[in-house]
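Student: Sharing a structure here in structure tokens format.
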Amino acid sequence: MTQSEQQVGSTLTESMLHEIMTPGFLPDISALNVQMQGTYDGPYLEILEQPKSRGFRFRYPCEGPSHGGLPGEFSTQKTKSYPSVQLNNYRGPCRIVVSLVTEEEPYMPHAHSLTGKNASKEGIVTVQIGPEQGMSASFPNLGIQHVTRKAVAKTLLERYTKMQELQSLTMSVMSTTHNDPASLFGISGLGAQHAAGTDNKPFDKNLALSVADEEAKKIRKMVDDQAKQMNLSCVRLCFQAYLPDDNGNFTKPLKPCISNAVYDSKAPSACQLKICRMDKNSGCVTGGDEVYLLCDRVQKDDIEVHFLEYDSEGKVNWEDLGTFAPSDVHRQFAIVFKTPPYWNVAVEKPVKVFCELRRKSDKETSEPMEFTYTPQLFDQEQIGAKRRKKIPHFSEYFQPPPGGPAGGAGGIGGGDATGYFNFGGGFTLAGIGLPSTTSDQTQGGTGGGMQQATASPGTQPSQEMLKELAWAIAQHTSSAMRDYASTGDTRYLLAIQHQLTAVQNDDGDTALHLAVINCQFNATESLVSVMKDLPGDLVNEYNYLRQTPLHLAVLTKQPCAAECLMKGNAKATSCDRHGNTPVHIACAQGDIGCLKVLLNKKLRKESEEFPEIHWQNYNGFTPLHLAVIRGNREIIKMILSVGADVEAKDGTCGRTPLHLAVENNNLAIAGFLILEAKCYVDSYTFDDNTPLHLAAGRGLEGLTALLVAAGADTMETNSEDETPYSLASTAEVKKILADEDEVPDTLDDIKIPEVEIKKMSAEANASLIGQTTAPPETTRLLTSSNYGNKKDLHAVKAMVDHEDSGVEGDSGFGSHSISVSRSEDSFPFSSHPGKIYHPTTEQDPRLQSTNNQPMKWAH
């Protein structure tokens, strides 16, 4: 430090550079915010009530004055309070100056200004107190005027320019009075600090002014640096007290008090977090349920959905985060996320936890909302429950039906005391036809041909008519039984009772439904043969869960039963209660056998070929979408071969199959869609997000590199003008996108991050059955020491083929794994398969041991 700089330092302390406003008169520095670093024994200022940190809005000049002053931290709707300070160890007049400073140390003057009563046009509030006010001051009308980012540098420069003017005037006063700075400011130790190591020479005004230009340059540099780093969403209040000197001028500053931070309620990075609405407040313990959340303004890269549970002592015993990408945050006001799994997925009753928004930067949270985790529902289609129903022994049917010998109305009861059949009181003979039998006719028979028993409406049949009808039915039934005994063909027995095949039980199931549910193929075949030509389209009858027998055959993975039903005029275009056709179900379950049957043209009765492959279910997915979510390459090939649209968008947000492959982090399927299905790599969702936006936002290095190598546009913007680079969540993804210009013309040497390849290959190899060694292409990728940013597309194809070489063509899953939803009100095929369930054989001793064993879902 030069001698001249030391002289200037001894004249004005460095803290006077923080905030200089227009002075009233010199040397009364109470009009300044002078944050003194020295010490003053005796009086001190303290804050009685801090300002409320959140919930107050900064206003621009064009918006007019603030509506209501800055509240205190203890303020409520009923009881208003405001920031206040108190001066201790002193009785007498005092002047208090309030200004704004930056959030972080070292505290610097902020570009924003205070408004309200006693505020100057430069943004400083000054009040004077004394014993009459109890040596305390409250500030009920403080407002904060917001400065735009462009005006920050200009505002600060104007203030520091006024500081320079005050410096010159102060130096003039000092040069004429030759006062010691320590005595002027009433501060002990200041003069000694600045004079240490210097000669005690008289003040040189010319020498001091010669430093002004250098100081101006420093000020301009300081203004530029501060303008770049200043947080416009957060300020602190600086309370400075001044005591009067012997002349009555307030020239003795006390140590300033800095308040807690005050955040702008409309700034995404600092506003008060609030959950406004959620479309559901419950989900399965396995997680993966999609929730739409509406909130106040948030920043997509600085927000998380926090789940937590408290124990009986109020301590957090479990916490986890909902999963979503930056592209799932819509315009700072909505978040679409998936729930995390609960720590105990084996709970047997609902568990209540809490859900809240949490800002990553400062860990600020919203008011928590209650969220309920429900136990797993393993049998959504109620197949297992129906299989477990008790079936009576056949001997029980020797007994008359409940209700006495009269039997049930509308059916044949047991014999009465006279040996005759009773038909119930509401029975009518009109329209009952009796076909001629193929067996011997008795002498008292009907004489062949169709017999018609009639009775006038409203009249009771005579005893003779009843006897004749009963005898004819018995004779006809016994003839069918003899034919069954001769051939062993159950269709003889079913044909005589064909009208009863339409009868539904309490669940709405017909005999055909039950035969399929219990995997009784012979019964299914016989019933289809009898029912296919009956009026009423009984083969396509819905039960009360809106399932046709064909739906049930696909759900239980019975391709033979599905083929039998298709030959019996079953419709493959029927939709269940979730909007799924049998093709949707087969794709979602990865069932190649059933899908081959459903896509067999020779078995189809529809005039249009495979219309259902273009239909969306009630979740907005086509069969191709479900196949991609399932991750089964063979299923995808089959669907594409019959005309499925590889660019089809889902009904919820416009995702194509490639978007879904990226969302599920399935590198193999994404590579197949790009290399073999020739899908468009820059397809848009409804929000204009490309697959590259999704991959970058989720930090998926391998998929990002694959898409870039395939020609994806790295400069494409979505509806919020965001590029993939601006959404990138990891440094590696940013590096891949930044090095996009270095992609070679040929695809032979394009590499991908080694870590991603190791991870993907390890998962794929773990799911392969009977595969012990990886192909040379994958081995080369795993052992390569070149940790580049791109991947060889030919190697991707080789790896895709390798990952899909398992049983049934599943990619990255077990050969029989099925992604099952945990939501009771949605079909078990969602866009985010969170858990893997494996079908296991139902342990029911009455079921036959066939290749088409009944299945139930088990974790």
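Student: Among the residues in the stretch 584-596, are any in contact with a helix residue (DSSP H, G or I) (Cβ under 6 Å, 6 or more places away or on another chain), in a loop (DSSP other than H, G, I, E, B), farther than 19 Å from VAL539 by Cβ and open to solvent by less than 10 Å² (accessible area, probe 1.4 Å)? Break it down stepwise before answering.
Tutor: Within the stretch 584-596, the first condition is being in contact with a helix residue (DSSP H, G or I) (Cβ under 6 Å, 6 or more places away or on another chain), and the residues that meet it are 584-588, 590, 592-595.
When the remaining residues are screened for being in a loop (DSSP other than H, G, I, E, B), the result is 590.
Those left that are additionally farther than 19 Å from VAL539 by Cβ: 590.
From what's left, open to solvent by less than 10 Å² (accessible area, probe 1.4 Å): 590.
The answer is yes, given that some residue of the stretch 584-596 is in contact with a helix residue (DSSP H, G or I) (Cβ under 6 Å, 6 or more places away or on another chain), in a loop (DSSP other than H, G, I, E, B), farther than 19 Å from VAL539 by Cβ and open to solvent by less than 10 Å² (accessible area, probe 1.4 Å).
Student: Just to verify a result, which residue in the stretch 246-276, among those that are out of contact with any Pro (no Cβ under 9 Å at 6 or more places or on another chain) and part of a strand (DSSP E or B), is most open to solvent (accessible area, probe 1.4 Å)?
Tutor: CYS276
Student: Considering only the stretch 502-515, I want to know if a residue exists there that is closer than 14 Å to CYS560 by Cα and part of a helix (DSSP H, G or I). Reasoning before the result, please.
Tutor: We begin by selecting, within the stretch 502-515, every residue closer than 14 Å to CYS560 by Cα; these are 515.
Pick out the ones that are also part of a helix (DSSP H, G or I) and you get 515.
Checking the stretch 502-515: at least one residue is closer than 14 Å to CYS560 by Cα and part of a helix (DSSP H, G or I).
Student: Which of the numbered conditions does GLY288 fail, given that it passes all the others? Conditions: (1) more than 30 Å from CYS94 (Cβ to Cβ); (2) assigned by the TED database to the domain that holds TYR60.
Tutor: The one condition GLY288 does not meet is (2).
Student: Separate question: Which of the residues spanning the stretch 322-340 are surrounded by fewer than 19 Cβ atoms within 10 Å (Cβ to Cβ), farther than 14 Å from VAL291 by Cβ and in contact (Cβ under 8 Å) with a residue 40 or more places away in the chain?
Tutor: Looking only at the stretch 322-340, we keep the residues that are surrounded by fewer than 19 Cβ atoms within 10 Å (Cβ to Cβ), and these are 323, 330-334, 336.
Next, only the ones that are farther than 14 Å from VAL291 by Cβ stay: 331-333.
Once the filter is applied, which keeps residues that are surrounded by fewer than 19 Cβ atoms within 10 Å (Cβ to Cβ), farther than 14 Å from VAL291 by Cβ and in contact (Cβ under 8 Å) with a residue 40 or more places away in the chain, the stretch 322-340 yields ARG331, GLN332.
Student: Still on this structure, please answer the following. What single numbered condition from (1) within 19 Å of THR690 (Cα to Cα); (2) open to solvent by 40 Å² or more (accessible area, probe 1.4 Å) fails to hold for ASP650?
Tutor: (2)
Student: Tell me yes or no: at least one residue of the stretch 667-675 is surrounded by fewer than 19 Cβ atoms within 10 Å (Cβ to Cβ) and modelled with pLDDT under 95. Please lay out each step first, then the result.
Tutor: Taking the stretch 667-675 and keeping what is surrounded by fewer than 19 Cβ atoms within 10 Å (Cβ to Cβ), we get 675.
After this cut, where a residue has to be modelled with pLDDT under 95 as well, the list is 675.
Yes: the stretch 667-675 contains one or more residues that are surrounded by fewer than 19 Cβ atoms within 10 Å (Cβ to Cβ) and modelled with pLDDT under 95.
Student: Would you call VAL708 open to solvent by less than 10 Å² (accessible area, probe 1.4 Å), closer than 26 Å to HIS578 by Cα and out of contact with any Gly (no Cβ under 7 Å at 6 or more places or on another chain)?
Tutor: Details: open to solvent by less than 10 Å² (accessible area, probe 1.4 Å): yes; closer than 26 Å to HIS578 by Cα: no; out of contact with any Gly (no Cβ under 7 Å at 6 or more places or on another chain): yes.
So VAL708 does not fit the description; no.
Here's the yes/no breakdown for (1) out of contact with any Ser or Thr (no Cβ under 8 Å at 6 or more places or on another chain); (2) free of Cβ contacts under 8 Å to residues at least 60 places away in the same chain; (3) more than 20 Å from GLU634 (Cβ to Cβ):
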{"residue": "GLU563", "(1), (2), (3)": "yes, yes, no"}
{"residue": "ALA570", "(1), (2), (3)": "no, yes, yes"}
{"residue": "CYS575", "(1), (2), (3)": "no, yes, yes"}
{"residue": "PRO582", "(1), (2), (3)": "no, yes, no"}
{"residue": "ALA586", "(1), (2), (3)": "yes, yes, no"}
{"residue": "GLY593", "(1), (2), (3)": "yes, yes, no"}
{"residue": "GLU608", "(1), (2), (3)": "yes, yes, yes"}
{"residue": "GLU612", "(1), (2), (3)": "no, yes, no"}
{"residue": "TRP615", "(1), (2), (3)": "no, yes, yes"}
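Student: Which condition number does LEU243 fail, the rest of (1) out of contact with any helix residue (DSSP H, G or I) (no Cβ under 7 Å at 6 or more places or on another chain); (2) outside any strand (DSSP E or B); (3) surrounded by 18 or more Cβ atoms within 10 Å (Cβ to Cβ); (4) of a type outside the set (S, T, N, Q) being met?
Tutor: Of everything listed in (1) out of contact with any helix residue (DSSP H, G or I) (no Cβ under 7 Å at 6 or more places or on another chain); (2) outside any strand (DSSP E or B); (3) surrounded by 18 or more Cβ atoms within 10 Å (Cβ to Cβ); (4) of a type outside the set (S, T, N, Q), LEU243 misses just condition (2).
Student: Let me ask another. I need the full set of residues from the stretch 290-324 which are at pLDDT below 90 and among the hydrophobic types (A, V, I, L, M, F, W, C), in order please.
Tutor: VAL298
Student: Still on this model: For the stretch 301-317, give me each residue that is within 16 Å of PRO340 (Cβ to Cβ) and open to solvent by 60 Å² or more (accessible area, probe 1.4 Å). Full working, then the answer.
Tutor: Taking the stretch 301-317 and keeping what is within 16 Å of PRO340 (Cβ to Cβ), we get 303-309, 316-317.
Scanning the stretch 301-317 gives VAL316, ASN317.
One line per residue, one yes/no per condition, for (1) closer than 19 Å to GLY130 by Cα; (2) of a type in the set (Val, Ile, Thr); (3) open to solvent by 20 Å² or more (accessible area, probe 1.4 Å); (4) in contact with a helix residue (DSSP H, G or I) (Cβ under 7 Å, 6 or more places away or on another chain):
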| position | (1), (2), (3), (4) |
| --- | --- |
| TYR44 | yes, no, yes, no |
| PHE56 | no, no, no, no |
| TYR60 | no, no, yes, no |
| PHE74 | no, no, yes, no |
| ARG91 | yes, no, yes, yes |
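Student: Consider ALA710 carefully, then state whether it is at pLDDT below 95, more than 25 Å from GLY620 (Cβ to Cβ) and not hydroxyl-bearing (Ser, Thr, Tyr). First the steps, then the outcome.
Tutor: Details: at pLDDT below 95: yes; more than 25 Å from GLY620 (Cβ to Cβ): yes; not hydroxyl-bearing (Ser, Thr, Tyr): yes.
Answer is yes for this residue.
Student: Out of all the residues in the stretch 341-370, which are in a strand (DSSP E or B), open to solvent by 60 Å² or more (accessible area, probe 1.4 Å) and in contact with a Ser or Thr (Cβ under 9 Å, 6 or more places away or on another chain)?
Tutor: Passing the criteria: only LYS352.
Student: Which one of the conditions (1) assigned to a loop (DSSP other than H, G, I, E, B); (2) within 30 Å of PRO691 (Cβ to Cβ); (3) at pLDDT 95 or above does GLY287 fail to meet, given that it meets all the rest?
Tutor: All conditions pass for GLY287, except number (3).
The values are calculated or read from the model by the stated rules, or taken from the named source; none is laboratory data. The structure presented is a predicted model; accordingly, all values stated were derived computationally and were not measured. We place every Cβ from the backbone using ideal geometry, glycine too, and count neighbours over all the protein chains shown. For the accessible areas, the whole protein counts, side chains as well, though only heavy atoms, and no ligand, DNA or RNA atoms are used. Shrake-Rupley method; radii C 1.70, N 1.55, O 1.52, S 1.80 Å.
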